[in-house]
Amino acid sequence: MNFGGLPGGMAGSMPSGPSQMDMARAEMMFFADLFTKMNDACFRKCVPRFNDGDLNTGEMVCVDKCVSKYMEATNTVGEILQKSQMMMQPPS
Amino acid sequence: MNSFDPGAMSAMDQARMMQVMQEMQMQDSLKMYNDLVHRCFMECVDSFRYKKLDGKEEVCVTKCAQKFLNFAGRVAMRFQETQQEMMDEAQKSLAAAAAAGSGSNETR
């Protein structure tokens with residue numbers, strides 16, 4: 001991730017904006033959150049009822065497609081957000 | 001609404017405060033990104049025959065995201081207006097209290 005446009009660090013020992021650690025941590029949290037939400041979305045879309053504990057073939061296929069579509073939606077929304085400059089560059 | 005005075009902090013504290021605010025802003029915008037994707041996906045995608053979003057779904061997601069951004073922008077604008085009004089009111093009542101205080105001193 002990078003932050004185009006943020007001012008450079010101040011002279012001396014002043015804190016100068018999010019550090020590499022902060023950015024790495026934010027990126028990790030982003031992916032963790034993304035995973036949780038994708039899990040929730042695909043479960044709700046693909047598993048309408050609970051006959052038994054195992055996934056049937058249809059559900060497995062659905063999950064594969066769902067993950068792929070979700071990631072594509074994530075990229076699409078990310079491009080829109082970037083264009084509107086509402087956020088800094090999303091993690092690639 | 002502020003219970004602290006930023007002007008009274010040392011330069012070091014102010015810089016630290018800026019850093020914290022930037023970090024919070026970054027986390028907040030990433031969270032908003034994920035929430036938005038989730039919301040638009042739930043609304044727009046219902047079939048899982050193919051791995052890619054079809055044309056209709058792509059358009060729906062795009063419109064959903066754009067509409068939400070416009071919406072969020074307007075909310076932010078109105079929020080800022082109300083904040084400004086509150087601050088102006090607070091300033092006015094402070095000024096009035098100060099004037100009343102100095103007036104009573106003179107009559108002593």
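Using a cut-off of 14 Å between beta-carbons, work out the net charge of the residues near B:Gly73 (Lys and Arg +1, Asp and Glu -1, B:Gly73 not included).
+3
How charged is the neighbourhood of B:Ala15? Take every other residue with its Cβ under 15 Å from the Cβ of B:Ala15, and add Lys/Arg as +1 and Asp/Glu as -1.
Spelling it out: positives minus negatives among the neighbours equals -2.
Students sometimes get this wrong: rank B:Glu23, B:Glu58 by accessible area, probe 1.4 Å, all chains present, largest first.
B:Glu58, B:Glu23
Label points 7 Å out from Cα along the Cβ direction at B:Ala8 and A:Met29: separation in nm?
2.9
Quick one: grab the alpha carbon gyration tensor of the stretch B:39-81, order the square roots of its eigenvalues as a ≥ b ≥ c, and give me rounded if a/c is under 1.5, else prolate or oblate depending on whether a/b is larger than b/c.
Here the stretch B:39-81 falls in the prolate category.
Averaged over its residues, how many other protein chain Cβ atoms are within 10 Å of peptide B:44-55's Cβ atoms? Show your work: numbers first, answer last.
Details: counts 2, 9, 1, 4, 14, 3, 3, 8, 4, 7, 1, 0.
That works out to 5 on average.
Of all the C-alpha pairs in chain B, what % are more than 21 Å from each other?
Here the long-distance tail beyond 21 Å is 65 percent of all Cα pairs in chain B.
In nanometres, what is the gap between the two model label sites at B:Ser93 and B:Gln25, each 7 Å from Cα along Cα-to-Cβ?
Going by the 7 Å Cα→Cβ label model, 3.0 nm.
Setting aside same-chain residues fewer than 8 positions from A:Lys37, which lysines have a Cα under 27 Å from its Cα?
A:Lys45, A:Lys65, A:Lys69, A:Lys83, B:Lys31, B:Lys51, B:Lys52, B:Lys56, B:Lys63, B:Lys67
Round to the nearest 10 and give me the degree value, 0 to 90, for the angle of helix B:55-106's Cα axis relative to the longest principal axis of chain B.
10
The values are calculated or read from the model by the stated rules, or taken from the named source; none is laboratory data. Values in this document were obtained by computation on a predicted structure and should not be read as measured data. So basically every Cβ, Gly included, is an ideal-geometry build from the backbone, and we count neighbours across all protein chains shown. Each accessible area value is taken on the protein alone, full model and side chains, heavy atoms only, with ligands, DNA and RNA left out. Shrake-Rupley method; radii C 1.70, N 1.55, O 1.52, S 1.80 Å.
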